[in-house]
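Beneath this line is the structure, given in structure tokens, with notes to follow.
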Amino acid sequence: MTTGAAEAAGALQAHRPMLLGLAYRLLGSRHDAEDVLQEAYLRWLGVDRAAVGEPRRYLSRIVTRLALDRLRARQAARETYVGTWLPEPVPTEPSPFGPLDRVELRDSLSTALLHVLERLTPPERAVYVLHTAFDLPYAEIADILGRSADDCRQLHHRATERVRREQRRFTATRPERERLLKAFLAAARDGDLATLTGLVAADAVAWNDGGGRVRAAINPVTGPDRIARFYAGVYGPRHRVTIDPIELNGEPGVVITRANGSPYTLTIAAADGRITGIYVVGNPAKLPPLD
């Protein structure tokens, strides 16, 4: 590696956790986020770095723009995806995205929120992530996106309104989610339909992402009765599964391994003492980082 390449790599490495976290929050995919950082490095390598006063800010601009390009291209491919598309689960203990010491940084990684962000336009998602998670001022976001500060402020307002409509569904504290997750899995393994039904909110939805590569419900499972029957049938007494706790995306989760060796991750959203959302990822293409 040449001296220039080593210096470029060193500068990128110094900000890598933040940049990886930025790309991941924009894309919901660790694999895609890593690809964006690799492409950002190649762009950075060709820049007159001596003229760059703030490498972190400059690299953030490159990463955001590359991620948005990938996000727009991915929207067309998403139409052919089999079943529900969920964000790629990432172990966060330790976090590859740097410290999660602020509530905004941790919450913006949650599967529930990333799933909501999928419904925003790419510019709305970018402004929401940059301002809410990374606390960037609108003037700086405008420079990154090539828009006016007022435009970015309006984009953030629209994104925030959409997110708030869904956030009421995932307001439970971490201890409460841990309690509900443990109780739900215990009841599922026992085939206890009554307990399962009591743990699930009336408007709960369960999403299962198998990507067409493993067995998974293609359509969302809705309502306490259907959810209880579905998971008692999948994880009940007749099935040999192992369940290992793990922190995923800054929140309590588990890895469930079936007798055939197929792993699945499971996390939940909750509010008012009930489970409001269940997120199961079994697509093998999304699970290698769990190793």
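The table that follows gives values for the structure above.
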read-out	value
Exposure ranking of 39, 124 by accessible area [1.4 Å probe, largest first]	39, 124
Segment 1-102, accessible area per residue, ligands and nucleic acids excluded (1.4 Å, Å²)	49
Peptides ranked, highest mean first, by Cβ atoms within 10 Å: ranges 82-88, 219-225	82-88, 219-225
The chain, accessible surface, carbon-and-sulfur percent (1.4 angstrom probe)	51
The chain, relative contact order [Cα under 8 Å, separation at least 6], %	20
Rounded to 10°, Cα long-axis angle of helix 3-14 versus longest principal axis of the chain	40
Segment 1-68 versus segment 111-190: alpha-carbon centroid distance in Å	23
Rounded accessible area of residue 272 (nearest 10 Å², 1.4 Å probe)	150
Degrees between helix 16-27 axis and first principal axis of the chain (Cα, 0 to 90, nearest 10)	60
For segment 130-145, Karplus couplings with θ = phi - 60° (6.51, -1.76, 1.60), whole Hz, Gly/Pro x	5, 7, 7, 7, 9, 6, 7, x, 4, 4, 6, 5, 4, 5, 5, 8
Given the chain, longest segment not containing exposed loop trypsin sites (Lys or Arg not before Pro) (DSSP; at most 15 other Cβ within 10 Å)	1-101
Segment 76-132 - convex hull of the alpha-carbon atoms, volume per residue in Å³	100
Helix-derived mean residue ellipticity, 222 nm - over the chain, DSSP H n ≥ 4, -39500 (n - 2.57), to 500	-15500 deg cm²/dmol
Accessible area per residue in Å² at 1.4 Å probe, computed on segment 150-214	54
Area projected by the alpha carbon convex hull of the chain, averaged over all directions, nm²	15.8
Average silhouette area of segment 21-137, convex hull of alpha-carbon atoms, in square nanometres	8.0
Positive-end residue of 175, 139, 223, charge dipole of segment 120-273 with Cβ unit charges	223
Cα convex hull volume per residue for segment 207-275 (Å³)	112
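The values are calculated or read from the model by the stated rules, or taken from the named source; none is laboratory data. Note that this is a predicted model, so its numbers are computed, not measured. Heads up, the Cβs are rebuilt from the backbone with ideal geometry, glycines too, and the neighbour counts pull from every protein chain shown. When the accessible area is computed, the model is the full protein with side chains, heavy atoms only, and any ligands, DNA or RNA have been set aside. Shrake-Rupley method; radii C 1.70, N 1.55, O 1.52, S 1.80 Å.
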